[in-house]
Amino acid sequence: MCSVSTFSYLLFYALFTVLINAQCTNPTVRREWRTLDRDERAAWISAVKCLAASPNNPDLVATVNSSISQIPALTRRLPSGTVDISYMHMDLNVRIHQTGMFLPFHRWFVHSVEKAMVEKCGFSGRFPYWNWTIDAPDFYESSWLQDSDTESGLGGWGDPDKDYKVQDGAFARFALKYPSYHPMHHQYTAQPFAAFAASTIIAGNPGDLVNVQLSPDNWICAHGSVHAITGGDLAGTRPATTEDCIPGNKWWPNSPLFFLHHVMIGKIWSDWQNLNETSATAFAGGSVQAFDNTTYLAEYPTGAPPMLNTSSDIYTHNMFPGATIGDVLNHTARYLCYVYE
């Protein structure tokens, strides 16, 4: 027989779970960047810069051994709220890529950064996304990176004669402070990207989250391609001024475009979830990257044991309020409360 205190806790937890998963009544709307007006674009960019100028979070704790994460020590951070955000993603690299945590973590991560922009910088909360399928036919000449407005434009490709530093737009000379102090870079890198179509992803493998991530034209491949083709900071390219880091995906959040890109990944996941009730609640994957050998990888393509489930906690590093995988499966529930346009 349980005690009164235990019963009270269980009742509270049950009520909390119901509230978390209840439908939200006033969802924010996530729209494609190019549908925003100038003021809306400028507001998002201003909030990004505000967050970058905010203090470090003293509660941030690294949890991955540095011999595995291969990133400079936490004590080397320069003052910036976005340094903390980048560092968190860098430290968790081996736990949130090629594991079952990839999709839920990044959905939670973007939402948490959005909340920080709202609470610390007065942002309206309407996080935009980058529909890169529009740009696939001619990525280099697309409108995406051709807005030179100093307040609302993302700027163009970096100058190859200046280490690919962005020369115009609101992020020209935008200071990134990790792993070393440097301006933002965009370096176009040609990839066989034009044949990719998000509609193929969404239509395939209803209810089977593992195989839809493994198909030849899956959103995980598209995810990496967008990082690579944009290059520079979005691809984790090491700045010329940095000598003691290994380039790679751990550095991706240095670029503000990271979040616009991952809102799009979340949208594709949402579109796939909306196929049917089975897809809506589907989840599978392990917590450990399975790269030891090809046989092991074939058995555990989206992460090896210990296996994750909807009750598994998302890694927070004490940076943001915690959540479980189950909390972020439905973005129209009260915990997330947003829709896509």
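The values are calculated or read from the model by the stated rules, or taken from the named source; none is laboratory data. Remember, predicted model here, so these are calculated numbers, not experimental data. Neighbour counts run over all protein chains shown; Cβ positions are idealised from the backbone, glycine included. Quick note on the areas: whole protein, heavy atoms, side chains included, nothing else; ligands and nucleic acids left out. Shrake-Rupley method; radii C 1.70, N 1.55, O 1.52, S 1.80 Å.
Odds and ends about this structure:
- Segment 260-316: C-alpha gyration tensor shape, a/c 1.5 cut-off, then a/b vs b/c: prolate
- Relative packing of peptides 275-282, 294-301 - highest average C-beta neighbours within 10 Å first: 275-282, 294-301
- Projecting label points 7 angstrom from Cα along Cα→Cβ for TYR181 and ASP313 puts them 3.7 nm apart.
- One compactness figure for segment 244-341 is 1.26, namely its Cα radius of gyration divided by 2.2 N^0.38 Å.
- For LYS120, a cut-off of 27 angstrom between C-alpha atoms picks up these lysines, skipping any fewer than 8 places away in its own chain: LYS49, LYS177, LYS250, LYS267.
- Sites GLU299 and ARG334 - FRET efficiency at Förster radius 30 Å, r taken between beta-carbons, to 0.05: 0.20
- Hypothetical label at GLN23: residues of segment 252-292 whose amide nitrogen lies under 18 Å (7 Å Cα-Cβ projection): 271, 273-278, 280-281
- Annotation: extensible slack from ASP292 through ARG38 equals 86.6 nm (criterion: 0.36 nm per residue apart, minus Cα-Cα distance).
- When peptides 22-28, 222-228, 133-139 are ranked by their average number of other Cβ atoms within 10 Å per residue, the highest-first order is 222-228, 133-139, 22-28.
- Over segment 112-173, accessible surface divided per residue gives 48 Å², non-protein components excluded, 1.4 Å probe.
- Whole-percent carbon and sulfur share, accessible surface of segment 249-325, 1.4 Å: 51
- For segment 38-188, the Stokes-Einstein estimate of translational diffusion at 20 °C and a viscosity of 1.002 mPa s comes to 126 µm²/s, using the Kirkwood hydrodynamic radius over alpha-carbon pairs.
- For segment 70-167, the fraction of 1.4 Å probe accessible surface lying on carbon and sulfur atoms is 45 percent.
- Spin-label model, ASP138/ASN274: points 7 Å from Cα along the beta carbon direction are separated by 3.0 nm.
- Where Rh is the Kirkwood radius over Cα pairs, Rg/Rh for segment 290-335: 1.13
- Ranked by the mean number of other Cβ atoms within 10 Å of their residues, highest first, the peptides 158-170, 253-265 come out as 253-265, 158-170.
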